[in-house]
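A short reminder: the numbers here are calculations on the coordinates, not readings from a lab. Note that the structure is predicted; figures quoted are calculated from it, not measured. Quick reminder, even Gly has a Cβ in these numbers, built from the backbone with ideal geometry, and neighbours come from all protein chains shown.
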Amino acid sequence: MYIETETTPNPATLKFLPQRQVMPQGTRDFASPEDAEASPLAQALFDTGEVTGVFFGHDFISVTKGEGAQWTDLKPQVVAVLLDHFVSEAPLFHGGSAAGIAVPTEEDTLVVEADPADEDIVDQIKELLETRIRPAVAGDGGDIAYRGYKEGIVYLAMQGACDGCPSSTATLKHGIEGLLKHYVPEVVEVRAS
C-alpha cells in the first residue's frame with residue numbers, strides 16, 4: 001500500500017491520500033485528543049504528541065501539526081500510523097460503526113435562525129456549496145459547513161486544513177463570497193462562524 005501526501009494552503013497541515021475511501025459519506029473533524037476518542041485512527045495520530053488536528057474526508061486524511069513540530073520528523077510517523085490502520089483493516093470508529101457518535105444536525109450548528117421567507121435563497125446557497133465550493137475546498141484537504149443566512153449575510157465554517165489556514169479569510173472573502181454574490185444576488189457578505 002502506498003500513501004501519497006499533498007501540501008495544502010495551510011503550512012501546518014498535510015493531506016494524506018491512502019488510495020481508498022476513508023469516509024463513506026460526510027466528513028469528520030477532530031480538533032482535540034478528546035474528540036479523537038471516537039476513532040482509533042484519529043486517536044493514534046494524536047498519540048504521536050505532535051498532532052493538533054485530524055480531519056477525515058471522503059478519500060483523504062488531513063493532519064495538522066503542532067507549533068514547533070517539523071514535517072520532516074512527523075510525516076513518517078503519520079504515514080506509519082496510516083499504513084498500520086489501513087493494512088490491518090481496523091475500523092475507523094470504535095465499535096466498528098458510527099452508531100455511538102453524535103453528529104450535530106444542521107439545526108444544532110446554525111449560528112442564526114432560519115427565516116422561512118429565505119428558503120429559496122438558502123437552497124441556492126447550499127446547492128452552490130455542495131456542487132462548486134466543497135469539492136474545491138476538499139482538494140485543499142478541508143471542508144466548509146453552512147452555518148446560516150440572514151439579511152444577506154452567509155455564515156460558513158472552515159474545517160480540516162482550511163480551519164486556521166492563513167489564506168482561509170481570502171478564500172472566504174474573495175473566492176466564496178464572489179461566487180455566491182454572482183449566482184445569488186441577495187448575498188452581500190460571507191462571514192466565518
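Seen against the Cα atoms of the chain and their longest principal axis, helix 71-88 is set at about 80 degrees.
Between 0 and 90 degrees, the angle of helix 119-128 with respect to the longest Cα principal axis of the chain falls at about 40 degrees. Each Lys and Arg adds +1 at its Cβ and each Asp and Glu adds -1 at its Cβ; summed about the Cα centre, the range 138-193 shows a dipole of about 100 debye.
Calculated [222 nm] ellipticity per residue, helices only, for the chain: -7500 deg cm²/dmol; basis is -39500 (n - 2.57) per DSSP H run with n ≥ 4, divided by all residues, nearest 500.
In summary, the aspartates and glutamates within cross-link reach of LYS15, defined as a Cα separation below 19 angstrom excluding same-chain residues under 8 places away, comprise GLU4, GLU6, ASP29, ASP47, GLU50, ASP59, GLU67, ASP73, ASP84, ASP140, ASP143, ASP163. Site pair THR169 and GLU89 shows an inter-label distance of 4.9 nm when each label is modelled 7 Å from Cα along Cα→Cβ. A value for P(r) over Cα pairs in 10 Å bins from 0, in percent was derived from the coordinates, and within the list [x] 9, 33, 36, 19, 3, 0; [y] 8, 30, 28, 20, 11, 3, 0; [z] 9, 35, 32, 18, 6, 0 it appears as [z]. Annotation note: GluC sites (Glu not before Pro) in the range 136-193 located in DSSP loop regions with a Cβ neighbour count of at most 14 within 10 Å are GLU151. Please work out the FRET efficiency for the pair LYS75 and GLU130, using the Cβ-Cβ distance as r and a Förster radius of 41 Å; give the result to the nearest 0.05. Here the calculated transfer efficiency is 0.80.
Taking VAL79, VAL87, VAL22 in turn, the Gaussian network model of the chain (Cα-Cα springs below 10 Å) assigns the largest fluctuation to VAL87.
Please report the antiparallel percentage of DSSP beta bridges with both residues in the chain, rounded to the nearest 5. Just about 85 percent of them are antiparallel. Highest mobility in the GNM of the chain, judged by mean-square fluctuation with C-alpha springs under 10 Å and restricted to ALA145, ALA44, ALA80, is found for ALA80. Here the dipole of the range 1-148 is about 700 debye; that uses its Cα centre as origin and unit charges on the Cβ of Lys and Arg (positive) and Asp and Glu (negative).
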